[in-house]
Structures are given as structure tokens and as C-alpha cells.
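What follows is a set of notes on a single structure, which appears directly below.
The values are calculated or read from the model by the stated rules, or taken from the named source; none is laboratory data. Only a predicted model underlies this, so the values are computations on that prediction, with no experimental measurement involved. Ideal geometry is used to build each Cβ from the backbone, glycine not excepted, and the neighbour counts take in all protein chains shown. All accessible areas refer to the heavy atoms of the entire protein, side chains included, with ligands and DNA or RNA removed. Shrake-Rupley method; radii C 1.70, N 1.55, O 1.52, S 1.80 Å.
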Amino acid sequence: MERRTIFRGWLLPVAFVLPQLLLTFFFFLWPAGQAIYASMTRQDAFGIRTQFVGAENFTDLFSDPLYLDSIRRTVVFSASVAVLSMAVALLLAVFADREIRGRGLYRTLLIWPYAIAPAIAAVLWVLLLHPQIGWIGHGLRALGIHWDYKLDGAQAMLAVILASAWKQVSYNFIFFLAGLQSIPRAVIEAARMDGARGWRRFRTITFPLLAPTTFFLIVVNVVYAAFDTFGTIRALTRGGPGKATETLVYKVYVDGVENQNLGSSSAQSVVLMLAVILLTAIQFRYMGRKTER
Amino acid sequence: MMASLKLEGLRKSFGATKVLHGIDLELASGEMLVIVGASGCGKSTLLRLVAGLEEPTAGRIVLDGRDVANLDPAERDIAMVFQNYALYPHMSVFDNMAYGLKIRRLSTAEIRKRVEEAADMLGLRPLLDRKPRQLSGGQRQRVAMGRAIVRHPKLFLFDEPLSNLDAKLRVTMRAEIKRLQRRMGVTSLYVTHDQVEAMTLGDRLLVLHQGVPVQLATPMEVFERPADIYVAGFIGAPAMNLLPARLAAGGTAAQLDAGPLVPFADGRRAGADGMKLTVGIRPEHVALVAEGGLALQVDLVEPLGSETVLIGRLPDGEMLSIKLAGAAPPEETVHVAIPPPNLHVFDAATGLRLEPRG
Ligand SMILES: Nc1ncnc2c1ncn2[C@@H]1O[C@H](COP(=O)(O)OP(=O)(O)O)[C@@H](O)[C@H]1O
Ligand SMILES: [Mg+2]
């Protein structure tokens with residue numbers, strides 16, 4: 001059913017959109033504008049004089065091996081988080097889809113992690129993974145594995161991947177479950193009649209029919225992992241040890257706040273902004289194509 | 001490839017809801033048996049039990065001498081055509097048909113041969129590369145048929161395969177299904193709520209009423225000697241007239257509540273005079289008479305071209321319909337008679353057909 005309301009005059013419509021416009025302006029356009037401006041300036045060591053330098057911050061950035069390292073690290077981190085959280089979520093969704101009864105409780109339990117603030121989630125993981133007090137950390141050491149993610153870079157990366165992926169599982173789970181439930185039951189039954197079972201049926205029928213959901217989630221998860229895990233990394237490893245878990249977003253913070261290099265930090269955030277815009281554009285294009293057919 | 005099917009005491013309940021109350025059935029090799037009944041009577045459930053998509057609450061399903069009731073569908077070698085076709089939306093027509101064969105690890109050459117053979121039978125050759133969404137309803141239906149045919153299964157199951165097609169296509173496909181089934185000689189169970197489909201397709205019919213099998217016989221037998229009031233009213237269009245009456249003249253006639261005494265042409269019925277009956281007469285058997293008989297006040301005239309259906313009211317208020325060859329008479333009141341040889345007699349209390357004694 002189509003509902004359409006025609007407003008007379010302009011005051012009322014403007015009043016309706018004004019709050020959203022104000023929010024967008026003060027929390028997105030204004031800081032984004034400032035970041036773009038700041039990305040083209042450079043301050044002296046004492047923060048007294050500001051000088052306009054054009055694109056120099058950007059060219060410096062892409063010739064800085066530390067920055068390129070951080071890009072590489074972010075790609076590894078994001079891909080791992082996306083793959084891990086989606087794989088776990090899909091597995092859980094398949095079980096939930098099968099298990100009709102008790103699904104309510106199951107679903108509620110699985111949604112919790114999503115509602116937890118990153119810092120709190122990270123504390124939970126600290127309590128699990130801590131070499132001395134965490135029971136996973138403790139267990140690993142008891143097994144003779146030299147576990148200390150505060151000293152070992154690879155282990156630190158593993159820890160932030162685990163914690164970040166865990167937080168995203170609920171979100172993915174809901175979408176996968178909805179996707180699974182929207183596959184017509186008769187199609188699955190037709191495959192059963194054709195003799196397809198288990199993994200084979202999943203691989204050739206179920207998974208291909210989940211493709212739109214999967215694609216959507218890949219983009220969402222990459223965006224999440226790359227841009228929305230600051231809180232988790234901050235609480236768990238602070239980007240360390242060394243720079244082992246310093247992703248692009250974390251580096252923006254380190255360079256801007258800790259190192260007081262506002263120009264470079266702004267340039268980095270502008271690069272990230274462009275990346276988000278690009279990913280979102282890809283997604284919108286794909287989704288637009290989906291609804292057409 | 002010929003196989004027989006036997007169902008023994010097959011029951012199904014969903015929780016406390018009893019859906020099927022004990023089905024016994026035997027199909028000869030190559031036979032096409034149609035299960036017909038109103039919507040919700042348990043037809044699909046019965047088919048799904050045979051397919052292995054549901055587990056029976058009790059009973060045996062014996063296919064080709066082997067009890068398959070506890071086997072996975074994959075182990076039963078049965079193909080099914082679904083009501084809404086259930087094609088694989090992401091696969092081409094070719095792959096839709098080839099899927100079951102790939103799973104059975106047939107050689108690529110054999111798969112190609114079988115699919116092309118089926119495609120030729122069904123006129124799908126030019127469409128093999130299309131996706132289901134690029135096909136019309138009738139074409140999808142054919143693909144669904146093709147997917148079953150290529151399997152060369154022991155048994156075909158059809159769950160109202162024509163109900164989503166328009167009337168004209170339905171008639172064409174009906175003939176085609178019959179032709180294919182004959183040609184391939186595969187034992188088939190066909191489910192429908194459409195009695196015309198049931199009459200034209202089945203070697204035999206099973207009429208199902210609220211999960212209870214009420215009659216199993218050839219289409220003509222079901223039509224000529226319906227086992228109870230339900231079958232009498234369900235098979236045949238327009239539906240058989242059912243009129244209240246009482247047994248009279250020492251069991252040799254029915255005294256209609258509407259007036260006339262109609263003698264039984266085929267013999268005496270058991271029971272005391274005055275026992276409540278329901279007598280049935282098909283609309284095409286009601287005779288128009290010049291005068292006498294029953295006065296019928298005509299409420300509605302439905303011209304069907306070569307035939308006309310009159311629906312009217314008897315003096316005591318009972319509805320009666322008549323099917324006439326040709327056009328309707330112009331009068332508002334016509335006189336009708338009930339020819340004794342065409343009378344069906346049922347016990348009003350049990351609804352069961354009363355046969356002549358001895
Ligand atoms: N999975 C199920 N759970 C509960 N009730 C069911 C289920 N499947 C079918 N039924 C019930 O069984 C009855 C028969 O259904 P069905 O076999 O689909 O009828 P038909 O195919 O003859 O229209 C219906 O009343 C339906 O509600
Ligand atoms: Mg049905």
C-alpha cells in the first residue's frame with residue numbers, strides 16, 4: 001500500500017528534516033570538512049604555526065613504509081575477522097535453522113554480544129586470554145604453549161581478531177538466519193529428492209542461494225573490522241606490542257592524539273573516509289542490481 | 001525400472017493433530033493412481049510420507065518389495081514434481097535436470113544424453129541455457145517434469161503439478177503427463193483436488209476425506225457407484241443432487257420427502273420401512289417431462305454452450321440442478337422426473353451407499 005502525504009507550505013517539512021540535517025552537519029559534514037582542511041596543513045613542532053602544504057601529507061603517507069605496513073596489517077586483520085565471524089555465524093545459523101524449537105532462546109543468547117560495548121567486550125576477552133588470570137591463557141600455558149599476547153605480536157593479532165570477530169557473530173547470524181529462512185523449503189526438498197545430502201547439498205544449493213546475504217555481509221564486516229574495532233584494540237592491546245595490532249584506524253589515533261601530528265593523522269582519516277565511501281558505493285550498486293530482477 | 005508400491009496402515013499425526021488415519025494401498029507396476037480430495041484432507045502429507053520428506057507415525061511403505069519407511073529420500077529412488085515446481089533458481093534448465101544425475105555420479109555423456117532426451121520429449125531443447133526466472137509458468141512446469149523424468153526413478157510423485165497453470169495450459173499438460181507416464185511406464189502417485197484431472201488421469205482413484213480413504217476404484221466405478229455421500233457429492237460436475245427420503249414399500253422404493261415414490265430398479269434394500277435415506281441423482285439424469293412429476297421453480301440458468309444447467313427449487317424447498325443438452329426451456333417452472341435406474345441410495349445415518357440385497 002502506498003501512503004503519501006502532501007504538506008502545504010514549507011515550515012512543517014523543514015521542521016521534520018531539520019534535526020537530521022543538524023546531526024549530519026555537526027557530526028559528519030563539519031568534522032569531515034575540518035579533517036579535509038587539516039589534511040592539507042602542517043604544524044610546526046610546537047603547534048604554533050600552521051602552514052598550507054597541499055597534497056604533501058598524502059604523498060608522504062604513501063611513501064611511508066610504516067603506513068604501508070599498517071595497510072597490509074589492516075587487510076589481514078579485516079579479512080580474518082570477516083571470514084572468521086561469518087563462518088561461525090553461518091554454522092550457528094544453519095543449526096538454528098534446523099532446530100525449530102528452542103530457537104527463541106538460542107537466538108537471544110546469540111544476539112547479546114552485539115549489544116555489548118566494545119570496551120566491555122574487550123575486558124571479557126582480557127579476562128579470558130590473560131596469560132595469568134584468563135582461563136584460556138592459563139590453559140594454553142598449562143599445555144606448554146608460551147602464551148603472552150602482550151609480548152608476542154602474532155598472538156596479539158590473534159587476540160584482537162578473536163575479540164572483534166566474536167562481537168560481529170551475532171549480527172552475521174541474524175542475517176544468515178533470515179537468509180536461510182527465506183530459501184523456499186520446497187527447493188531444499190527437491191534437492192533431497194534428487195539425492196543431495198549434507199555438505200553437498202549445502203555447497204550446491206543452500207550456499208549459492210545465500211549469495212546476496214553473503215555479499216552484503218562481506219562488505220559490512222570489512223567496514224566493521226577496518227573502521228569499527230578501535231575500542232576493542234584500544235582496550236585489548238593498545239595497538240601493540242610494538243605496532244603489531246596497529247590498524248589504519250588505530251594509527252589515526254596514535255599519530256593524531258599521541259604523536260600530535262594533526263596533518264598526517266587528518267590525511268589518514270580522509271583516506272579512510274574515501275575507502276568507506278567506495279565500499280558503500282559498491283554495496284549500493286550491487287544491492288540495486290539485486291532488487292531489479 | 002517397473003516397481004510396485006504398497007502402503008500398509010500408514011498413519012501420520014503432527015503432535016495431537018491426526019492427519020492420516022491409516023492408508024492401505026497397493027499399486028501395480030506402471031500404474032497411475034490418483035489421490036483426490038478437498039484441500040487440507042492430507043493428500044500432500046501422504047505424498048511426503050512416500051517421498052521420505054516426513055516420517056510416518058505408523059505403518060509401512062513397501063517399494064519394490066523393500067520397506068523404505070525409514071530411509072532417507074536419497075535412498076528411495078523416487079522423483080517428485082512439486083506444486084510450485086521448486087526449481088533451483090540459480091541453475092540453468094540443463095543443470096536443474098542434471099543435478100540429480102550428477103549426484104548419482106553418472107558419466108557426463110550419459111547425463112547429456114538423458115537430459116537432451118527429456119528436453120526433446122518436453123520441447124525444452126531451445127531453453128536449456130535459461131534460468132528458471134526467464135521461463136513462463138508452463139515452461140517451468142515442464143522443467144520440473146523433466147527433472148523427474150531424467151532420473152528414471154522407481155516411482156513418480158506429483159503434488160498438484162497443474163494447479164498453478166491457466167485453464168487451457170492445464171488441459172494440454174494433463175494430456176502430456178498422461179502420455180509421458182504411459183510411455184515411460186513408471187508407477188505414479190498423482191495428487192489433486194480437481195476431480196476432472198483425477199477422472200482423466202487415473203487408472204484408479206483413491207478418494208480421501210479428512211485423512212480417511214473413502215473409496216478406491218476405477219474412475220468410472222467411482223462415478224457410477226460412489227461409496228458414500230461425500231464421494232457422490234465430490235465427483236462429478238455439477239454435483240450430484242442429494243435428496244432426503246425414506247425407505248418404503250418393503251424396501252423396494254424410496255419415498256422422497258419432496259413427494260414422489262421412486263421404485264428401485266436394481267432390487268430391494270435392507271432395512272425397515274421409514275428408515276431415513278439420502279437418494280442421489282446426477283443433474284444429467286434428471287428428466288424433463290411435459291406434465292406431472294415434480295414442479296421445479298427455476299432460479300438460475302447457466303448456459304454452457306452445448307449444455308445448459310438449471311438450478312431451481314422443489315415445492316418443499318430442496319435445491320435441485322439439472323443438466324440439459326441444448327438450450328433451456330423458457331418457462332419459469334419446469335416439470336421433472338427422477339428415472340429409477342439412475343438412482344443412488346445412501347443410508348442417511350451413516351452416509352454409506354446401500355446396495356441391493358442378494
Ligand atoms: N508440518 C505440519 N505440521 C502441522 N500440521 C500440518 C503439517 N503439514 C500439514 N499439516 C496439516 O495436515 C492437514 C493436511 O495437510 P495437507 O496434507 O497439506 O493437505 P492437502 O495437501 O490435502 O491440501 C492440514 O490440516 C494441515 O494443516
Ligand atoms: Mg497439498
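Going by the structure shown, is B:Ser4 away from ligand 2 (no atom under 15 Å from the Cβ), away from chain A (no Cβ under 14 Å), surrounded by 15 or more Cβ atoms within 10 Å (Cβ to Cβ) and hydroxyl-bearing (Ser, Thr, Tyr)? Yes.
Scanning region B:324-347 for residues that are within 22 Å of B:Ala245 (Cα to Cα) and open to solvent by less than 40 Å² (accessible area, probe 1.4 Å) returns B:Val334, B:Val336, B:Ala337, B:Ile338, B:Pro339, B:Leu343, B:His344, B:Val345, B:Phe346, B:Asp347. Give just the number: which of (1) away from chain B (no Cβ under 14 Å); (2) touching a strand residue (DSSP E or B) at 6+ places or on another chain (Cβ under 9 Å) does A:Glu189 not satisfy? Failed condition: (1). Of everything in region A:251-264 that's assigned to a helix (DSSP H, G or I) and touching a residue at least 60 places away in the same chain (Cβ under 8 Å), which residue is surrounded by the fewest Cβ atoms within 10 Å (Cβ to Cβ)? Out of the qualifying residues, it is A:Leu262.
Taking the criterion of being surrounded by fewer than 19 Cβ atoms within 10 Å (Cβ to Cβ) and either touching a residue at least 40 places away in the same chain (Cβ under 8 Å) or not charged (D, E, K, R) (or both), the residues of region A:229-241 that qualify are A:Phe230, A:Gly231, A:Arg234, A:Gly240, A:Pro241.
When B:Glu26 is tested against (1) charged (D, E, K, R); (2) within 16 Å of ligand 2 (Cβ to nearest atom); (3) not in a helix (DSSP H, G or I), just one condition goes unmet, and that condition is (2). Checking each residue in region B:76-107 for being more than 8 Å from every other protein chain (Cβ to nearest Cβ) and either of a type in the set (Val, Ile, Thr) or not in a loop (DSSP other than H, G, I, E, B) (or both) picks out B:Val81, B:Val93, B:Phe94, B:Asp95, B:Asn96, B:Met97, B:Ala98, B:Leu101, B:Lys102. Checking each residue of region B:301-308 against the condition of being under 22 Å from B:His335 (Cα atoms), small (Gly, Ala, Ser), modelled with pLDDT under 90 and out of contact with any Ser or Thr (no Cβ under 7 Å at 6 or more places or on another chain) gives at least one match. For region B:6-53, the set of residues classified as of a type in the set (Val, Ile, Thr) and within 9 Å of ligand 1 (Cβ to nearest atom) consists of B:Thr17, B:Val19, B:Ile35, B:Thr45, listed by residue number. Cβ-Cβ distances below 9 Å connect the following pairs, each with a first residue in region B:25-52 that is within 14 Å of another protein chain (Cβ to nearest Cβ) and over 24 Å from B:Gly65 (Cβ atoms), a second residue that is within 13 Å of ligand 1 (Cβ to nearest atom) and in a strand (DSSP E or B), and a separation of six or more residues or different chains: B:Ser44/B:Asp159; B:Ser44/B:Val191; B:Thr45/B:Lys12; B:Thr45/B:Phe14; B:Thr45/B:Val19; B:Thr45/B:Leu20.
There is no residue in region B:54-61 that is open to solvent by less than 40 Å² (accessible area, probe 1.4 Å), basic (Lys, Arg) and closer than 24 Å to B:His209 by Cβ.
Name the residue, out of B:Phe82, B:Phe156, that is buried (at least 22 other Cβ atoms within 10 Å of the Cβ), away from ligand 1 (no atom under 16 Å from the Cβ) and closer than 30 Å to B:Val19 by Cα.
That would be B:Phe156, the only listed residue that is buried (at least 22 other Cβ atoms within 10 Å of the Cβ), away from ligand 1 (no atom under 16 Å from the Cβ) and closer than 30 Å to B:Val19 by Cα.
Pairs are defined by a Cβ separation below 8 Å, a sequence spacing of at least 6 or placement on different chains, a first member in region A:64-82 that is outside any helix (DSSP H, G or I), and a second member that is not charged (D, E, K, R); no pair meets this definition.
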